[in-house]
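Scroll down for the structure; my scribbles are underneath it.
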Amino acid sequence: MLQLREELAKLLGYNCYAEMSLANKMAKNVGSVLNLIDSLYDAASVRGRDELAVLTQFAHEKLSISGTLQPWDVGFVSEHYRKFSMGIDQEKVAKYLPFPRVISGMFSMAERLFDISVREVEPTSVGAPSVWNKDVKLYKVTRRDNAQPLAYFYGDFYSRPEEKRSGAWMDVCATRWKQDNGVRLPIAYLVCNQPAPLSNDKAATMKFSDVLTLFHEFGHCLQHMLTTVDAPQASGVSGIEWDFIEASVLFRRPCASDAVVASQFMENFCYEKDTLQQLSAHIDTYEPMPSSMIDALQEERKFLAGIAMLRQLQFSHVDLELHRIPVESDAEWPVMVDRRIGDRYALVERIPEDRFLCSFAHIFGGGYSAGYYSYKWSEMYSADAYAAFEGKHGIEREQVGQRYRDTVLALGGGTAPSDVWKAFRGRSEADPSALLRHSGLLA
């Protein structure tokens, strides 16, 4: 497979498959990707070594595991250490997150940030379309000072195992398109699998991870709905460079093009104390989430962040190297490349029989060949986007939100991402320090 990819690239005039793959991505070249990896590596490696020392000590003292941790120990010890050090009971957290409260709070936050209004279209309204299930709702999105619709979206929130797959996703129903008789407005689907309420007077609750997923998918919806591009090939989430998008077929149903910067960006607000208190109301007492629980959720975000970062950097670098250097005919050559690159990032010595590449489906069967780095690339941009909001309040924060709306959300695939970023942040590239800081790897 690697040989065929190399052959294809050379037939098209490229030196290697990585060069061909990056030609139509935001990163543009191998050097930009390696710069990203290097900019994150130092902080991650320092923290990762410290985290491994803590895990080793915990394993000795609490789990009766002696000596150096082996690869098969790390996951086991990490999970026990999470329970020991974090002390978060997710069932107790869920009691503070009733679904109607979370949805209402998410819409309110988007309204303030992006100067929009989100309102349910009553099923009895004149001209209201029919829906495929009694629990499905249709929403209209407008500017706050103007009732003229900008977009619509269907909310299909509750689980129906007999006819819906698991997970959550956004999908496209209609794309903005300027035609001779006017502009066709964008319409999206926002689909979740929340447990339905057991009774009319007892709302369903959400796990915190499901809240993050809901915000993530709503971020996709916002980019689709708030576009100002009239050509459907570049409108909304269409036509955006790969390293600005996500198409994860392993965990969620993919859209034709999913703008991951916009969706990951929305997740950041879920960790803000003010936002969590607005989203929360205990299912029995109606009290907001206590500060101690919010602090614990914020800390859990940084749990073993150095080890996790090194793992992703290793995958990105191995993928790039396999598609960058001349492919050799020796069947063990890919394994040797993996070993050579991986040794830089591995904190625990790998066993000689390690054949990780045999399960690296992303780059051999999932469409991420010479593109796995896009996870960290898009994370860097989403963190830099959120950094523009940090420390801002009231009108000042709303002004940043409207600028974000008019650039990142509005311009879709019709403008080069570097130009979009310059219009939003005043520079054409993201600053990786925001990602390191949010991960707890930089003070």
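The values are calculated or read from the model by the stated rules, or taken from the named source; none is laboratory data. Here the structure is a predicted model, which means the values were calculated and not measured. Cβ: placed from backbone, ideal geometry, glycine included. Neighbour counts: every protein chain shown.
Miscellaneous remarks
- Residue list for the range 200-238, filter: of a type in the set (S, T, N, Q) and in a helix (DSSP H, G or I): Ser209, Thr213, Gln223
- Of everything in the range 89-107 that is among the charged types (D, E, K, R) and under 18 Å from Lys202 (Cα atoms), the residue that is surrounded by the most Cβ atoms within 10 Å (Cβ to Cβ) is Arg101.
Rundown of residues vs (1) part of a helix (DSSP H, G or I); (2) not assigned by TED's automatic domain parsing to the domain that holds Phe215, yes/no style:
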{"position": "Gly67", "(1), (2)": "no, yes"}
{"position": "Trp72", "(1), (2)": "yes, yes"}
{"position": "Gly75", "(1), (2)": "yes, yes"}
{"position": "Arg82", "(1), (2)": "yes, yes"}
{"position": "Pro100", "(1), (2)": "yes, no"}
{"position": "Ser104", "(1), (2)": "yes, no"}
{"position": "Met109", "(1), (2)": "yes, no"}
{"position": "Arg112", "(1), (2)": "yes, no"}
{"position": "Glu120", "(1), (2)": "no, no"}
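- Selection from the range 21-34 of residues that are without any contact (Cβ under 8 Å) to a residue 60 or more places away in the chain and outside any loop (DSSP other than H, G, I, E, B): Gly31, Ser32
- Criterion applied to Arg403, Arg340 was being at pLDDT 95 or above and not polar (S, T, N, Q), and the one residue passing it is Arg403.
- Within the range 35-53, the set of residues being of a type outside the set (D, E, K, R), touching a residue at least 40 places away in the same chain (Cβ under 8 Å) and either more than 20 Å from Ala434 (Cβ to Cβ) or surrounded by 18 or more Cβ atoms within 10 Å (Cβ to Cβ) (or both) comprises Leu36, Ile37, Leu40, Tyr41, Ala43, Ala44, Ser45, Gly48, Leu52.
- Sole exception among (1) out of contact with any strand residue (DSSP E or B) (no Cβ under 8 Å at 6 or more places or on another chain); (2) assigned by TED's automatic domain parsing to the domain that holds Asn200 for Leu138, by number: (1)
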